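The structure appears right after this line, and notes come after that.
The values are calculated or read from the model by the stated rules, or taken from the named source; none is laboratory data. These numbers come from a predicted model, not from an experiment. Positions of Cβ are generated from backbone atoms using ideal geometry, with glycine treated the same way; all protein chains shown enter the neighbour counts. Protein only, heavy atoms only, side chains kept; ligands, DNA and RNA dropped before computing areas. Shrake-Rupley method; radii C 1.70, N 1.55, O 1.52, S 1.80 Å.
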Amino acid sequence: MKSSIRRYLPLAPLLYAYTRAGVPSMGELHHLPGLGPRFAAILSATAKFLFPDFLENASANELNDAVVRFYEACVQPPLHVETLRRRIGVVRHALMYLLRGRDPLPVKAAACLEVSGAYHVAGLGPSFWSALLQALSPSRHPGWTPAILAGLERLGWAVGATPGRSAGGVEAIYAALLSAYEHIQAQEPALSALHVDHFLTLVAAMQGRNLPVRSQARPGHEEKIVAAIQRERARLSLRERLKERGQA
């Protein structure tokens with residue numbers, strides 16, 4: 001009986017394939033299909049709402065509008081908008097903690113994602129909270145999406161699939177993400193954490209041995225339509241659109 005041996009994809013050749021035509025600019029990252037709205041929201045968060053004066057003084061409605069737009073840009077599909085609106089008070093305290101807390105990043109992630117965490121809100125998962133952590137340092141802090149985990153797994157990193165429910169679960173996963181990103185950036189120092197997000201998402205989508213960088217950078221009509229829909233959802237939430245156009 002033969003034992004199956006899992007073959008992982010080689011990191012160095014794939015990084016070369018990703019960077020050989022030049023590292024994507026921030027402008028190019030903004031317009032990527034699928035990831036573009038998320039990256040744009042992350043890069044603009046600290047100017048729009050993720051700063052102490054706004055968090056301390058904004059009304060619940062003002063904070064709701066800003067955070068919901070961010071959520072809809074970063075999480076696909078954005079299934080828990082109403083939960084976010086209802087629990088905006090907890091989210092406000094969590095955002096202040098992310099900004100001012102002195103705990104290490106994995107501890108902050110656990111406070112928001114562990115079921116026993118002080119700021120846990122059911123339904124608001126890693127895609128949302130990791131984007132907020134990334135907004136604090138887009139050059140270094142890792143993303144945490146299903147595609148990113150799948151890309152890492154194909155490269156040989158097993159960092160875990162879901163937030164843990166026992167002590168240290170989320171901390172261990174986020175620490176592993178930090179370690180993996182540091183390793184990849186050591187191989188290619190020109191890459192920001194957002195570039196690594198993009199790279200790993202491409203690795204996750206690979207068919208065969210070729211990295212589909214150009215197909216992502218120059219999307220076809222179907223990908224353009226998907227990206228346009230996501231940008232429109234980020235601009236105006238489904239809730240507001242239904243208010244305006246529901247009868248029609």
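Residue by residue, here is whether (1) surrounded by 21 or more Cβ atoms within 10 Å (Cβ to Cβ); (2) acidic (Asp, Glu); (3) modelled with pLDDT of 95 or more; (4) part of a loop (DSSP other than H, G, I, E, B) holds:
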position: Gly156; (1), (2), (3), (4): no, no, no, yes
position: Thr162; (1), (2), (3), (4): no, no, no, yes
position: Ser166; (1), (2), (3), (4): no, no, no, yes
position: Ser179; (1), (2), (3), (4): no, no, yes, no
position: Gln185; (1), (2), (3), (4): no, no, yes, no
position: Leu194; (1), (2), (3), (4): yes, no, yes, no
position: Asp197; (1), (2), (3), (4): yes, yes, yes, no
position: Leu200; (1), (2), (3), (4): yes, no, yes, no
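Residue-by-condition table, conditions (1) touching a Pro at 6+ places or on another chain (Cβ under 9 Å); (2) in a loop (DSSP other than H, G, I, E, B); (3) among the acidic types (Asp, Glu); (4) in contact (Cβ under 8 Å) with a residue 40 or more places away in the chain:
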{"position": "Pro24", "(1), (2), (3), (4)": "no, yes, no, yes"}
{"position": "Leu29", "(1), (2), (3), (4)": "no, no, no, yes"}
{"position": "Arg38", "(1), (2), (3), (4)": "no, no, no, yes"}
{"position": "Leu43", "(1), (2), (3), (4)": "yes, no, no, yes"}
{"position": "Thr46", "(1), (2), (3), (4)": "no, no, no, yes"}
{"position": "Leu50", "(1), (2), (3), (4)": "no, yes, no, yes"}
{"position": "Asp53", "(1), (2), (3), (4)": "no, no, yes, no"}
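Filtering the range 50-83 to residues that are over 16 Å from Ala135 (Cβ atoms), open to solvent by less than 40 Å² (accessible area, probe 1.4 Å) and either out of contact with any Phe, Trp or Tyr (no Cβ under 8 Å at 6 or more places or on another chain) or hydrophobic (A, V, I, L, M, F, W, C) (or both) leaves Ala58, Asn64, Val81, Thr83. Take Arg235 and tell me if it is open to solvent by 80 Å² or more (accessible area, probe 1.4 Å), modelled with pLDDT of 55 or more, charged (D, E, K, R) and under 19 Å from Gln76 (Cα atoms). Yes.
In this structure, is Ser139 surrounded by fewer than 23 Cβ atoms within 10 Å (Cβ to Cβ), touching a residue at least 40 places away in the same chain (Cβ under 8 Å), among the polar types (S, T, N, Q) and assigned to a loop (DSSP other than H, G, I, E, B)? Break it down stepwise before answering.
Values: surrounded by fewer than 23 Cβ atoms within 10 Å (Cβ to Cβ): yes; touching a residue at least 40 places away in the same chain (Cβ under 8 Å): yes; among the polar types (S, T, N, Q): yes; assigned to a loop (DSSP other than H, G, I, E, B): yes.
Considered against the rule, which asks whether it is surrounded by fewer than 23 Cβ atoms within 10 Å (Cβ to Cβ), touching a residue at least 40 places away in the same chain (Cβ under 8 Å), among the polar types (S, T, N, Q) and assigned to a loop (DSSP other than H, G, I, E, B), Ser139 comes out as yes.
If you check Gly101, Gly22, Gly123, Gly117, which single one turns out to be surrounded by fewer than 19 Cβ atoms within 10 Å (Cβ to Cβ) and modelled with pLDDT under 95? Break it down stepwise before answering.
Numbers: Gly101 fails: modelled with pLDDT under 95; Gly123 fails: modelled with pLDDT under 95; Gly117 fails: modelled with pLDDT under 95.
None of the others qualify; the one that does is Gly22.
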